[in-house]
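Asks: What follows is a single structure, and I will ask about it in a moment.
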Amino acid sequence: PEAITVQELANRMAEKGADLVKSLFKMGVMVTVNQTIDQDTAELLVEEFGHNITRVSESDVDIDHTVDVDDEATLKVRPPVVTIMGHVDHGKTSLLDALRGTDVVKGEAGGITQHIGAYQIRAKGGDLVTFLDTPGHEAFTEMRMRGANVTDIVILVVAGDDGLMPQTIEAINHTKAAGVPMIVAITKSDKPEYKPQKIRERLLEHEIVVEAMSGDVQDVEVSAKTGAGLDELIEKILLQAELLELRANPDRAAEATVVEAKLDKGKGPLATVLITRGTLKVGDIFVVGVHSGRVRALHDDKGRQIKSAPPALPVEVLGLSGVPMAGDTLTVVDNEARAREVAAFRAEQATAKRTTSAPTNLENMFSALA
Ligand code: GTP
Ligand code: MG
């Protein structure tokens, strides 16, 4: 039969090993933290601590999402997170740059001072929109597989002087699989060879019926070069966002998803994260993937130092113990001991995953518990 050490179970429940030992003692089971208990006893303990462990092999089983759901009343409207996808050279980066150019606050504090993997603009009406810099399709899929489905809306960029290309089709399939609404941007409208209608017709073959063809997928003709259609594109994003009723609780300990991370010679490990709920503040103690840390500084996408970051804001975080991976979850915790404990547990789990292709006993154990 499967067994688990008391410490491992404690880590998974984010409780102290000693507390589990005490409870076991009351149940008449005398063990130390490093000894194993059987599945039935483990199940009893899990119930005893009021946990509901359903997440099995993910790195964050220790955070009990099933009970950590935000109350309706705490939810406030948040900006949409938009990812741009499309074929090589179809104009994704140019479109992002052009959209960034529409930011009404650009130019403040030196404007665009650094490139991070995500940025937020304030549209003319005052609404905020967050854009994720075109991750490769692999990164998008990888993040989604790891449960980091941060994208609310996909903009499918198709060059109107070209056609549907292999990566366009891939992007369509990934978007469908993720269940994320799509807006089609037919770009390079300034070019003489521009034939948007041909694109719309080809999209039908992939069951994408755009508005111009009486369907319900929004489409817009744009040019990154002249700026034509950009306002309309932003309007469509905001309209789609309204339909999605995107909300998050800003008044709680923060959770965020790593968009990109690197080791900076001067500043040490840096991560660009997107806040998914709560507000991240300077001084907060956190776990991120297998690392931990304390927020030493926060920078927005314009390189400005900020003290706190609300939902859907991308920020660069300083103060990590190591470089996390894209898609990792950053979770604010109460104290450093707890941060180190969870980080160490995740590291151990990551090693176990690497060394065994078959599910470990632990994983079997927790599928059974779920
Ligand atoms: P990858 O990152 O390599 O996949 O390319 P991308 O999709 O980011 O395309 P990028 O923005 O780099 O644009 C590719 C080429 O198309 C560049 O030479 C751009 O100058 C050009 N381009 C992009 N948008 C437009 C546009 O609206 N009009 C015109 N005329 N050219 C454009
Ligand atoms: Mg590009």
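The values are calculated or read from the model by the stated rules, or taken from the named source; none is laboratory data. These numbers were taken from a predicted model, which means no experiment stands behind them. Cβ atoms come from the backbone with ideal geometry, glycine included; neighbour counts cover every protein chain shown. Keep in mind that these areas ignore ligands, DNA and RNA; they rest on the heavy atoms of the full protein, side chains included. Shrake-Rupley method; radii C 1.70, N 1.55, O 1.52, S 1.80 Å.
Asks: ASP264 versus (1) buried (at least 20 other Cβ atoms within 10 Å of the Cβ); (2) at pLDDT below 95: which is the lone unmet condition?
Replies: (1)
Asks: Name the one entry in VAL258, VAL323 that is touching a residue at least 24 places away in the same chain (Cβ under 8 Å), assigned to a loop (DSSP other than H, G, I, E, B) and among the β-branched types (Val, Ile, Thr).
Replies: None of the other options fit; the residue is VAL323.
Asks: Here's something else I'd like to know. State whether one or more residues within region 299-311 are assigned to a strand (DSSP E or B) and in contact with an Asp or Glu (Cβ under 7 Å, 6 or more places away or on another chain).
Replies: yes
Asks: Give the number of residues within region 295-305 that are closer than 12 Å to LEU318 by Cβ and more than 20 Å from the chain's Cα centre (by Cα).
Replies: Total meeting the criteria: 3.
Asks: Of everything in region 267-284, what is among the β-branched types (Val, Ile, Thr), open to solvent by 10 Å² or more (accessible area, probe 1.4 Å) and under 19 Å from the mean Cα position of the chain (by Cα)? Give them in sequence order.
Replies: Across region 267-284, the qualifying residues are THR276, THR279.
Asks: Of the residues VAL180, VAL222, VAL209, only one is away from ligand 2 (no atom under 16 Å from the Cβ) and either buried (at least 16 other Cβ atoms within 10 Å of the Cβ) or touching a residue at least 40 places away in the same chain (Cβ under 8 Å) (or both); which?
Replies: VAL180
Asks: Would you mention how many residues in region 65-113 are over 21 Å from the mean Cα position of the chain (by Cα), modelled with pLDDT under 80, of a type in the set (A, V, I, L, M, F, W, C) and more than 23 Å from LEU233 (Cβ to Cβ)?
Replies: Number of matching residues: 1.
Asks: Based on this model, can you work out whether THR187 counts as within 16 Å of ligand 2 (Cβ to nearest atom), in contact with a strand residue (DSSP E or B) (Cβ under 9 Å, 6 or more places away or on another chain) and either of a type in the set (Ser, Thr, Tyr) or touching a residue at least 24 places away in the same chain (Cβ under 8 Å) (or both)?
Replies: yes
Asks: Among the candidates GLY227, GLY215, which residue alone is more than 22 Å from the chain's Cα centre (by Cα), within 16 Å of ligand 1 (Cβ to nearest atom) and either outside any loop (DSSP other than H, G, I, E, B) or farther than 22 Å from LEU313 by Cβ (or both)?
Replies: The conditions single out GLY227.
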